[in-house]
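Only one structure is covered here, and it is reproduced in the block below.
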Amino acid sequence: MESELAAASVRTIPRKKSGFVRNMRKYKFLYLLIAPGLLYFIVFYYVPMYGVVIAFQDFKPFGGLENMIVRPDWVGLKHFRTFFDSYYFGRLLQNTFLISGYKLLFGFPAPIVLALMLNEVKQGKFKKTVQTISYLPHFLSWVIIGGMVMALLSQTTGPINAIIAAMGGKPVGFLGETDYFRSILVASDVWASVGWGSIVYLAALAGIDPALYESARIDGANRLQQMLHISLPGMANIVSILFVLAVGGILNAGFEQVLLLYSPSVYSVGDIIDTYVYREGLLSSNFSYAAAIGMFKNVVGLLFLLTANVIVKKLGKEGVW
């Protein structure tokens, strides 16, 4: 009798659902909100990842289904070795690292400085005006920004060269000079991104308890000391997370920007991995070779991301995971 009661009690106990299913039912409307974004990344980022297999094949897009799926021509690491042994490998790697490194060096702290400065502004109208002006370039495509840069630096009609000529100098073709090209890339990128990048830091500063500033003022701290000892530590975690992500994209030197502004005369200092992949893959139809180069770039970026995340966490700051 006791065994029958025990068996009956076991049957009546409901099975505990897994945490994921329970959360799905509890927050079904929140999951429904993120569904379109999740679907976008699945369709356009994860499904195409299958295409990386052509980096290990001699892919012929017009060879029929038999060549592409049934019996593809596998060549192993042939395209990787070809890239590593090519004349362009060292130059592309150097240009990509230098341009990305300069953008990280000057572009990463710029939004932080702007956010700290805007946080100190007490006049609401002036603050909103500066924010609006600094945000505007983010909403312009690189086609428009590239056209503005070309017009500004034009050797014949550009205002910069007009000033140089008025002062007795000789007009300079800035976009065709190797000495100026990287500086133009970095300066235009910082100008285009500094305002939008400061939004996250302003949000972090808004979350700092105002009582901390009041206590610091009572103790005699000036604005610079408040900034160094309250504002900066208050946004340290978000700074560390964004720094890790920026380091992870160290090989993304700005494909659209470089493609619109460079020319063969500055290939030696401006040709990067992405533009080389574009020329080899789309213009020369070397799809497998271009896929191998792109895969190499992404693997190196992943290694940088993992390394930066470990270092940041070792320093006691917040990492990406």
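No value in this document is a laboratory result; all are computed from the given coordinates. Predicted model, so just to flag it, every value in this text is computed and none were measured. Note that each Cβ is placed from the backbone with ideal geometry, even for glycine, and that neighbours are counted across all protein chains shown.
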Using only DSSP helix segments of four residues or longer, with each worth -39500 (n - 2.57), what per-residue ellipticity at 222 nm results for the chain after dividing by its residue count and rounding to 500?
-19000 deg cm²/dmol
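Taking neighbour Cβ counts within 10 Å as the exposure measure, how do His79, His229 sort from fewest upward? Working shown, then result.
Values: His79 25, His229 13.
By the 10 Å Cβ count, ascending: His229, His79.
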Considering only Met150, Val75, Asn23, whose Cα is most displaced toward the positive end of the charge dipole of the chain, charges sitting on Cβ of Lys, Arg (+1) and Asp, Glu (-1)?
Asn23
Protection proxy (average C-beta count within 10 Å per residue), highest first, orders 93-105, 167-179 as 93-105, 167-179
Less than 13 Å apart at the alpha-carbon level, and either on another chain or at least 8 residues along: which aspartates and glutamates does that give for Lys60?
Asp73
For the chain, what D do you get in µm² per second when you plug the Kirkwood radius from alpha-carbon pairs into Stokes-Einstein at 37 °C and 0.692 mPa s?
134
Separation of the stretch 113-167 and the stretch 27-60 by C-alpha centroid, Å?
36
Among Met227, Ser215, Gly173, the residue whose Cα sits farthest towards the positive end of the charge dipole of the stretch 148-239 (+1 at Cβ of Lys and Arg, -1 at Cβ of Asp and Glu, taken about the Cα centre) is Gly173
Can you tell me which of Pro233, Pro61, Pro36 moves the most in a GNM of the chain? Springs connect C-alpha atoms under 10 Å apart.
Pro36
Asp274, Asp73, Asp219 arranged by Cβ crowding within 10 Å, fewest neighbours leading:
Asp219, Asp73, Asp274
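Could you order the peptides 287-294, 243-250 from most to least packed, using the average number of other C-beta atoms within 10 Å per residue?
Details: 287-294: 22.9, 243-250: 18.4.
Ranked by mean Cβ neighbours within 10 Å, highest first: 287-294, 243-250.
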Connecting every pair of Cα atoms under 10 Å apart in the chain and solving the GNM, the largest mean-square fluctuation among Gly51, Gly301, Gly195 falls on Gly51
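Using a simple charge model, +1 on the beta-carbon of Lys and Arg, -1 on the beta-carbon of Asp and Glu, nothing else, what dipole does the stretch 86-314 show about its Cα centre, in debye to the nearest 20? List each step's numbers first, then the result.
Numbers: 14 positive and 11 negative charges, 58 e Å.
Computed charge dipole of the stretch 86-314: roughly 280 debye.
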My understanding is that a pair violates if its Cα-Cα distance is over 25 Å; which of Lys103/Lys297; Lys26/Lys317; Lys297/Lys317; Lys103/Lys317 do that in this structure?
Lys26/Lys317; Lys297/Lys317
